[in-house]
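In what follows, a single structure is set out as structure tokens and then discussed.
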Protein chains: 2
Amino acid sequence: MIRLSLDVVGACGTRVPVGASDWHYLTQVMRRESGDRIEVLAEDGEVFEAVLVDGQHVEIRGKVANVRKPRRHITLYQALLKGDHFSEVVERATEAGISRFVPIVTERSIVRDVSPNKAARWRAIAKEASEQCQRPDVPGIEEMKRVSDLRAAAGSDAFVLDPRANDARPWLVPADHPLDIVIGPEGGFTPAELDLLSARGFLPLSLGERVYRAENAGAFAAVLFLQ
Amino acid sequence: MIRLSLDVVGACGTRVPVGASDWHYLTQVMRRESGDRIEVLAEDGEVFEAVLVDGQHVEIRGKVANVRKPRRHITLYQALLKGDHFSEVVERATEAGISRFVPIVTERSIVRDVSPNKAARWRAIAKEASEQCQRPDVPGIEEMKRVSDLRAAAGSDAFVLDPRANDARPWLVPADHPLDIVIGPEGGFTPAELDLLSARGFLPLSLGERVYRAENAGAFAAVLFLQ
């Protein structure tokens, strides 16, 4: 079933307008016609059945039960990466269950800012990936922060990934409180940054003996912590 | 440290020739010079320290301890995928710890054969991904098989991923015996194929409530089973 995110949904029978690019996707790419059923994700994470109606609208038919958000709310503080690699992080880690992305700039970061275009593109990728994997929610992409701005949230488990640190295995137990994960750039954090993050409540952990590329590390961490 | 795979290594002091494309990578892309240190992966999974020497050779200096293969030997029977998506599977799942790939053709497969060029490309991707993530071994890419050729190996845990099946959680316990995982194409297996695989010893399991894309499912499964 095709699933589409819409900001506004409303009660059964409501007709909701669909944006031009979503309408193109539904009718041209996926060849859906007036009367065909799709699913709609509301902004609050609820899922509805709907049918396409002429004039670029969908009509809400009812609520779909039994679709759940990821069990833990995970914030990924991910260092900016070269090329288009941050997009890959957003796509893969959304599918794996990250709930919120905070791009960070670090001492060894080569890319050091986020243009409005880039942020909009990451939001679109997060939305598409959520639809694709049938997540009822769309992860947020926050404003860029510096390492010195980070502080573990009260009540969260908070980790910074460091291949030289202790193994994460003892922490991989079913749980449902929030989690903050910090992942550095291709060249890693500097010792001073690791000291600072540790002082700010982020425990250094490794995901095992393998060195994961930055494009995969956030997704793999989410898979492990959400099991 | 740059790590290079070589078929033949030999004892301390041996000079080993390096292929033209690897030599280009070392000297042009990574700008390494005669006398610079690298690491070398032998075919049997051992890792050596070596230095570059003029005339496209490396000289072996000693063995590096403490580099381990993935704890479990996992065979991924992966349905062929459209476009270049099988390459993405090989790259990501090598990093995640799959030890052997068997491409399979299924009833709903759109791609139905593997050209020698494609197989060679997958082998090159597996080699590069192993070097990148510092795995001491390179996963094999086997000949294509049909679903009707598959049979769970004696002494292996054997699973077919099916989003509607029981949750894999009870099976995610530290273990070291081999594992066989079967993953279908974009459209999934047919009911008849699932019946056949089940009769052949592959237990249907889901990885949780999320629907993972075929490009990610094998890697995510390896991350979970290797923890």
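The values are calculated or read from the model by the stated rules, or taken from the named source; none is laboratory data. These numbers come from a predicted model, not from an experiment. Cβ: placed from backbone, ideal geometry, glycine included. Neighbour counts: every protein chain shown. SASA here: full protein model, heavy atoms, side chains in, ligands and nucleic acids out. Shrake-Rupley method; radii C 1.70, N 1.55, O 1.52, S 1.80 Å.
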Item to check | In the protein assembly as shown, lysine pairs closer than 26 Å at Cα, eight or more apart or cross-chain | outcome: 22
Checklist entry - Just the accessible area for B:GLU143, please: 1.4 Å probe, Å², rounded to the nearest 10? => result 140 Å²
Next on the checklist: Using the basic label-point model (7 angstrom from Cα toward the beta carbon), what is the B:VAL173 to B:LYS63 distance in nanometres?
Outcome noted: 3.4 nm
Checklist outcome for this item: In the protein assembly as shown the DSSP beta bridges are antiparallel at a rate, in percent to nearest 5, of 35 percent
Checklist entry - Once every DSSP H run of n ≥ 4 in chain B is given -39500 (n - 2.57) and the sum is divided by its residues, what mean residue ellipticity at 222 nm do you get, rounded to the nearest 500 deg cm²/dmol? => result -7500 deg cm²/dmol
Checklist entry - Given 5 Å bins starting at zero, what is the percent of C-alpha pairs of the stretch B:94-227 in each, up to the one with the largest pair distance? => result 2, 10, 18, 23, 22, 16, 8, 1, 0
Next on the checklist: Leaving out ligands and nucleic acids, and using a 1.4 Å probe, what accessible area per residue does the stretch B:1-142 come to in Å²?
Outcome noted: 48 Å²
Next on the checklist: Given the options B:ILE2, B:PHE48, B:LEU161, identify the residue whose Cα lies farthest towards the positive end of the charge dipole of chain B (+1 on Cβ of Lys, Arg; -1 on Cβ of Asp, Glu).
Outcome noted: B:LEU161
Checklist entry - Out of residues 5 or more away from B:ARG61 or on other chains, whose amide H comes under 5 Å of its own, with H placed 1.01 Å from N in the peptide plane? => result B:GLY13, B:GLU49, B:ALA50, B:VAL51
Next on the checklist: I'd like the accessible area for B:ILE74: 1.4 Å probe, protein heavy atoms, all chains in place, Å² to the nearest 10.
Outcome noted: 0 Å²
Next on the checklist: Looking at chain B only, what percent of DSSP beta bridges run antiparallel? Nearest 5 please.
Outcome noted: 40 percent
Checklist entry - Using every alpha carbon pair in the stretch A:3-64, what percent of pairs falls into each 5 Å bin from 0 up to the bin containing the largest distance? => result 4, 21, 36, 25, 12, 2
Item to check | B:SER34, B:SER206, reordered so the largest accessible area comes first (probe 1.4 Å) | outcome: B:SER34, B:SER206
Next on the checklist: With an 8 Å Cα cut-off and a minimum separation of 6 or more residues, compute the relative contact order for the stretch B:74-225 in percent.
Outcome noted: 34 percent
Checklist entry - Taking springs between alpha-carbon atoms closer than 10 angstrom, which of A:VAL211, A:VAL160, A:VAL40 fluctuates most in the Gaussian network model of chain A? => result A:VAL211
Next on the checklist: I need the trypsin sites (Lys or Arg not before Pro) found in the stretch A:77-108, filtered to DSSP loop residues with at most 14 other beta carbons within 10 Å of theirs.
Outcome noted: A:LYS82, A:ARG108
Checklist entry - Name the residues of the stretch A:203-222 whose accessible area falls by at least 50 Å² when all protein chains are present instead of the chain alone, probe 1.4 Å? => result A:GLU209, A:ARG210, A:VAL211, A:ARG213, A:PHE220
Checklist entry - Of all trypsin sites (Lys or Arg not before Pro) in the stretch B:11-58, which ones are in loop regions per DSSP and have a Cβ with at most 15 other Cβ atoms within 10 Å? => result B:ARG31
Item to check | Accessible area (Å², 1.4 Å probe, nearest 10) - A:THR27 | outcome: 30 Å²
Checklist entry - What Kirkwood hydrodynamic radius do you get for chain B when you take the inverse of the mean 1/r over all pairs of distinct Cα atoms, in Å? => result 18.8 Å
Checklist outcome for this item: Between chains A and B, the summed loss of accessible surface on complex formation, probed at 1.4 Å and reported to the nearest 100 square angstrom, is 2500 Å²
Next on the checklist: I'd like the residues of the stretch A:131-150 whose 1.4 Å-probe accessible area shrinks by no less than 20 Å² going from the isolated chain to the full set of protein chains.
Outcome noted: A:GLN132, A:CYS133, A:GLN134
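Taking a temperature of 25 °C and a viscosity of 0.890 mPa s, what whole-number D in µm²/s does Stokes-Einstein yield for the stretch B:95-156 with Rh from Kirkwood over alpha carbon pairs? Don't skip to the answer; put the middle values down first.
Values: Rh = 13.2 Å.
Value of D from the Cα-based Kirkwood radius: 186 µm²/s.
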Checklist entry - Top to bottom by accessible area (1.4 Å), largest first, where do A:ASP162, A:ASP195 land? => result A:ASP195, A:ASP162
Next on the checklist: From zero outward in steps of 10 Å, how is the percent of C-alpha pairs of the stretch B:1-117 spread across the bins?
Outcome noted: 12, 33, 27, 21, 7, 1
